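Just below is one structure, and these are the notes that go with it.
The values are calculated or read from the model by the stated rules, or taken from the named source; none is laboratory data. Quick caveat: nothing in here was measured; it's all calculated off a predicted structure. In case anyone asks, the SASA skips ligands and DNA or RNA and just uses the protein heavy atoms, side chains included. Shrake-Rupley method; radii C 1.70, N 1.55, O 1.52, S 1.80 Å.
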Amino acid sequence: SIQYFITANKKGQALVYLSVFGKIIRYYLKNINLETVSLSEEITMLQQYLKLQKLRYNNSFEYTVTLLPDSKKQNEARIPVFVLQTLLENIVEHAALNLLFEITLKHVFVKVSFTYSDTKSRQQEPEYRKYILNWQEQIEALNLSGKYHIEKQIMLYAPDSKGEGKGHIEIKLPNLFS
């Protein structure tokens, strides 16, 4: 993507892309060896990730991140690192046209809901996608460790007459420092 912006002489977009990409890389390097991360840091990273993907896909999808009113203690809440990013990456790469992302913080858990529309028709999956961890496998591995009890609920709806499918994924993560 950065190469495209540079070769297409879109210097402004290249600079924005590089800046956002740098923030995401710094986040990964800072947290790579951690098991948990603060909810507020994860939300900030997810917003940067969505901004990057929106640039990459030429603004072909919209997203909304909503923190529900009881989410005021997001700096204190801790969740397993990179779980939400892996899920979000799968949604964006495979489906998302419109994405609504809601986070509710409760005393004992953090509930994250993703609702999306899907009208993308990818002819062939890119080669690099074969090497990206499936988010459901990641959750199963974390749950097998015995430290977490992450619950997930997936609802997929058949495409309508316009060919638009919809999906809703809800994850309930333990608030590890509640």
Quiz item: What is the set of long-range amide H partners of GLU62 at a cut-off below 5 Å, with H atoms built 1.01 Å from backbone N?
Solution: ASN98, LEU99
Quiz item: Which residues' amide hydrogens lie under 5 Å from the amide hydrogen of ASN175, considering only partners 5 or more residues apart or on another chain, with H built in the peptide plane?
Solution: PHE109, VAL110
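Counting heavy atoms of the protein chains only and a 1.4 Å probe, report the per residue accessible area for segment 15-85 as a whole number of Å².
Working: 3770 Å² over 71 residues.
Using a 1.4 Å probe on heavy atoms only, each residue of segment 15-85 averages 53 Å².
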Exercise. Express in whole angstrom the spacing between the alpha-carbon centres of segment 2-33 and segment 158-178.
Key: 28 Å
Quiz prompt | Per-residue HN-Hα couplings for segment 142-156 [Karplus 6.51, -1.76, 1.60; θ = phi - 60°; Hz; x = Gly/Pro] | solution = 5, 5, 5, 5, x, 7, 10, 9, 8, 9, 9, 9, 10, 10, 10
Exercise. Rounded to whole Hz and in sequence order, give me ³J(HN,Hα) for segment 21-33 from the Karplus expression 6.51 cos²θ - 1.76 cosθ + 1.60, θ = phi - 60°, writing x for Gly and Pro.
Key: 4, x, 5, 5, 4, 4, 4, 4, 4, 5, 10, 4, 9
Quiz item: So what J values fall out for segment 9-17 if you push phi through Karplus, 6.51 cos²θ - 1.76 cosθ + 1.60 with θ = phi - 60°, rounded to Hz, Gly and Pro as x?
Solution: 6, 9, 5, x, 5, 4, 5, 4, 4
